Every structure is written in structure tokens, then in C-alpha cells.
Amino acid sequence: MSLLSQLPSVDSLLLRSKDLVRSYGHQEVSKTFRNLISGVREEVIEKKMNSLPTIESFISLASKTLKENQTSSLKKVINLTGTVLHTNLGRAELPQCAIDAIAMVAANYTNLEFNIETGKRGDRDKHIESLIIDITGAEAATLVNNNAAAVLLTLNTLARGKQVPVSRGELVEIGGSFRIPEVMQRSGCELIEVGATNRTHEKDYTNAITDQTALLMKVHTSNYEIKGFTSGVSDSQLAAIAHKHQIPFITDLGSGTLIDLQQWGLPFEPTVQATLQSGADIVTFSGDKLLGGPQCGIIVGKKELINLIKNNPMKRALRVNKMTIAALFEVLKLYLDPDSLKEKLPTLRYLTRSKDEIKALASTLLKEVSLSLDYIAKVEILPCESQIGSGSLPTDLLPSYALAITPNVNSDHVLTNLAKQFRTLPQALIGRISDGKIIFDLRTLESKDTFLKQIRLMSK
Ligand SMILES: *Cc1c(COP(=O)(O)O)cnc(C)c1O
């Protein structure tokens, strides 16, 4: 009898898989068996297989496939890279109050766009606008999906079909996909490059202004610094030039911070408030960079301009969902009490953690980590430098401490394999490789126990 005629039927497998059907439903289990059977049939036809898998192995394969397919690939990871705002690791961790707020609005109907007093349609920005105004001192504010969207929407509203002069020193690329020249093109305006890479002067702007100029724009060069023989035009000078020509001055602050970070010994970063005070008519910034909130783009500035932006039909495509509004509200509320901000906002807590505190944490972990990894690697405490990340303040590093893991066998292959083993733990431990070692920077490690639990899984 040929092998093909001995292949089990889907129905016969289903009869023996009541548990799978209960967990995953009849439809998915049948589909999985059908795929497995047809895979085996092909292998038999191509003569790659000369005996059939048992019924039990069909069932266990199906169980494995179903489990894999129905486990989200989005997982919790433990960030030990030393980069606090790591874009690839999802940027800011939210404070508990924001997480609770997300859960509440996610589970319920809300008055997202409903005015409870009048019983009529409301505006989703209303839930957050007055708090943003209160903190930043702006006349008005609106919210979109991220800062890239904020820049796109602002330019599309205020400069479509017209020209926008930007300094050649500010044509930034953020994380590979956001480039100022390309965003400007997509927003329908024409970029007029002014000045040189290292130096731009007031007259470069004044010479570039024509009756086709929509506005002046400044882009905060978040992820690089031009050093040496340099010169730029300040916000207040640019504002003065723009206003003399009766056009708006807008600033893409990138990260943007709502509080002077120097009070905690962190590097200077321009605040949204100061940028507005220097005369910017519109400022755009991210919700999930230094602000430490959910992913969103915040647009603040003159009421008249914000109204135009809100009324752009593209706003509908870029708007935020109720969970973002709920989370941002809670995060912004923390800024009303700057004295407790450092404790309550994870991003700021990590950024301000002292190297001594991190070193003490390393000491409490060293013995157990060494013992667990003794058979494959040597573990030591090493000083290192953390980064703020997300394109903010790239040249300013924060002194920190790490557990450095050196494999007992000196080989690149062994090192990269070990790093992969750490990454494929149930809760991925993500560090960086440097100088033949895996570096686990402990700056952003909140829970010692979660970390040790993963390390124990590595022991022999
Ligand atoms: C990060 C950044 C952006 C993009 O912000 P997202 O919130 O990531 O979309 C735009 N402009 C500047 C200057 C930035 O630093």
C-alpha cells in the first residue's frame, strides 16, 4: 500500500485532539492539521520521506504550531543596553498612574468626543489641551500620533505649495526614516536650503524670503552636534525676522522637555516654554522622548495657527487614540509637582540615577550572577556610560555601572551565541557587546528579582 493512502484524515486527527480544539477552536486546529498533512504529502511525493509520522507526532506538531502562532511576538524585554530612551525597545516606560488610566479607558466607553454637558459632539483634544497650555504657557495645543506627524501636519497646513527656508546645518535624519527634506516634500512644501553646514547667518534667511515663503523653520539637531567654526541664528533672531515679514516661525524641538534638566545635573536641552518665549509661533515635540510619556506628537503655539492645524483634514488621519490621551494626561499631571517628578516618572528616575546607586545594585547581583554563569563565563562589575537615547543629547553620556560578562572561551562566535542565549530567555535580557564582553548596563534595571529569575534559567 502506498504511503500516501496511509496519510491520516483531518477528521481522524481532530477526533483525537479534543483538548486542542477546546483551546484553539475547531477552525484553527483543522487548518493546522490540513497544512501538516499537505506538507507531509509533498515530502512523500518528492521522496524526501519514506515513512509517515505517527498520529501522536501529528498532534504534537500541531500543538506546537498553534502555540507559536498564537503567542504575540511583542514581548516584554529587559533593557540593559544603557540607552534609556531606546526607540527600538519602545522608548519611555510609563508610570503606574498612566498605565491605570490606559486600562480604564480601554475597558470602557468614554466621553472621548462627547460633551457631557450639552449632550453634543465634543473634541478629543479638549481632554488634554488645557493641561498642556497650563504647563507650556502656549495659547493652544493639539495632539497627533508622533512628532513626525506633528511636523508633517504643521508644514502641510501652513506651508503647502509654498517655500520654507531651513539651515543646511539642520537637515536632520532621525532613526533612518524621518528626514527633514523628505518630510517637507511629502507635506507639499518646497525646502529652500540656506547657509552652510557649519554656519548660517541672519542674512541667509532674509535673502531667502520671497512672497512665496510660508514660514521660517528651525529644527533642533537632536542627534548630532556641529562643533568648531560654527554659527547659527538664535530662536529670538529668527522669530524677529519672520515676524518682520509677517510669517510664522516654527520650531521642531524633537525631544523637547518641559523642565530644565540641568537641575538634576543632566545636560542642557531647550524647554518648550523657553522656545515659545523666544518667539516661536508653533513648537512640535515628542511625547515619548524626554517627556517620558506615551508615543504622540504635541503641537503647541498660537491659537490661530493651531486652529488651522486642527481643521486640516489630514488631522483625522494622524489623530491619537483615547489610550494615548489618558496616559499623557497622567504623565503631564506629574509635571505640576516638579519636586516629586524624579521619583514618579520612570524616564527621569533612570536618567538621574547616580552611578553609586547603580554600582551598589551591581554589587548585590554580582555573586549570584557569577555563580549561575560560572560554567560559561566570568562576571565582573565595570564602569560604563549610559546614553539618553532617542536622538536626544547624543554627545552627553551618563556615568554608570554594568555587569560585564566574558565567556570562558575567547571567540566571537561564543560571545554572539551567549548574547543570543540571553536574548532568547522568556524575558529577553538585552545588553550590548563591547570589547569581547557582554555589557549589562544596570541604569534602567528596575527589578533585581526579574533579572535574577532570568539569569537562574541560564545556570547549568
Ligand atoms: C525624534 C525627532 C523627530 C521624530 O519624532 P517621533 O516622535 O519619533 O516621530 C522629529 N524631529 C526631531 C528633531 C526629532 O528629534
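The values are calculated or read from the model by the stated rules, or taken from the named source; none is laboratory data. Only a predicted model underlies this, so the values are computations on that prediction, with no experimental measurement involved. Cβ coordinates were reconstructed from backbone atoms using ideal geometry, including for glycine residues, and neighbour counts include every protein chain displayed. Accessible surface areas use protein heavy atoms only, side chains included; no ligands, DNA or RNA. Shrake-Rupley method; radii C 1.70, N 1.55, O 1.52, S 1.80 Å.
Some points to look at:
- Filter result for Lys420 (assigned to a helix (DSSP H, G or I), surrounded by fewer than 13 Cβ atoms within 10 Å (Cβ to Cβ) and at pLDDT 95 or above): yes
- Selection of segment 83-105 for residues being within 14 Å of the ligand (Cβ to nearest atom) and open to solvent by 60 Å² or more (accessible area, probe 1.4 Å) yields Thr87, Asn88.
- Ala242, sole failed condition from (1) in contact with a Pro (Cβ under 8 Å, 6 or more places away or on another chain); (2) outside any helix (DSSP H, G or I): (2)
- Residue, surrounded by the most Cβ atoms within 10 Å (Cβ to Cβ), within segment 218-242, restricted to residues that are under 16 Å from Ala159 (Cα atoms) and within 11 Å of the ligand (Cβ to nearest atom): Lys218
- Summed over segment 45-96, residues that are acidic (Asp, Glu) and in contact (Cβ under 8 Å) with a residue 12 or more places away in the chain total 1.
- Filtered residues of segment 295-338 (kept if open to solvent by less than 40 Å² (accessible area, probe 1.4 Å), within 11 Å of the ligand (Cβ to nearest atom) and not aliphatic (A, V, I, L, M)): Cys296, Gly297
- Taking the criterion of being surrounded by fewer than 16 Cβ atoms within 10 Å (Cβ to Cβ) and either within 26 Å of the chain's Cα centre (by Cα) or part of a strand (DSSP E or B) (or both), the residues of segment 395-409 that qualify are Thr395, Asp396, Leu397, Pro399.
- Test result for Glu117, within 23 Å of the chain's Cα centre (by Cα) and either farther than 23 Å from Ser255 by Cα or among the charged types (D, E, K, R) (or both): no
- Residues in segment 11-46 that are open to solvent by 30 Å² or more (accessible area, probe 1.4 Å), closer than 12 Å to Ile59 by Cβ and part of a helix (DSSP H, G or I): Ser12, Leu15, Lys18, Asp19, Val21, Leu36.
- The number of residues in segment 135-191 being of a type in the set (A, V, I, L, M, F, W, C), over 22 Å from Val233 (Cβ atoms), within 13 Å of the ligand (Cβ to nearest atom) and open to solvent by less than 30 Å² (accessible area, probe 1.4 Å) comes to 6.
- Selected residue [aliphatic (A, V, I, L, M), in contact with a strand residue (DSSP E or B) (Cβ under 8 Å, 6 or more places away or on another chain) and assigned by TED's automatic domain parsing to the domain that holds Gly188] from Leu366, Leu382, Leu305: Leu305
- Residue that is farthest from the ligand (Cβ to nearest atom) [pool: residues in segment 274-288 that are under 23 Å from Ile174 (Cα atoms) and not hydrophobic (A, V, I, L, M, F, W, C)]: Thr275
- Unmet criterion (only one of (1) hydrophobic (A, V, I, L, M, F, W, C); (2) touching a Leu at 6+ places or on another chain (Cβ under 6 Å); (3) within 21 Å of Leu318 (Cα to Cα); (4) away from the ligand (no atom under 12 Å from the Cβ)) for Leu215: (3)
- Count of segment 117-143 residues which are within 23 Å of Ala274 (Cα to Cα) and part of a helix (DSSP H, G or I): 9
- Among the residues making up segment 144-166, those that are touching a strand residue (DSSP E or B) at 6+ places or on another chain (Cβ under 6 Å) and not in a helix (DSSP H, G or I) are Val144, Asn146, Gln163, Val164, Pro165, Val166.
- Of all residues in segment 367-394 being surrounded by 14 or more Cβ atoms within 10 Å (Cβ to Cβ) and in a helix (DSSP H, G or I), the one that is nearest to the ligand (Cβ to nearest atom): Val369
- Filtered residue count, segment 424-455, keeping only those that are assigned to a helix (DSSP H, G or I) and surrounded by 13 or more Cβ atoms within 10 Å (Cβ to Cβ): 7
- Sub-8 Å Cβ pairs linking a first residue in segment 243-262 that is closer than 24 Å to Thr347 by Cα and more than 16 Å from the ligand (Cβ to nearest atom) to a second residue that is open to solvent by less than 10 Å² (accessible area, probe 1.4 Å) and in a helix (DSSP H, G or I), at least 6 apart or interchain, are Ile259/Leu341, ordered by first then second residue.
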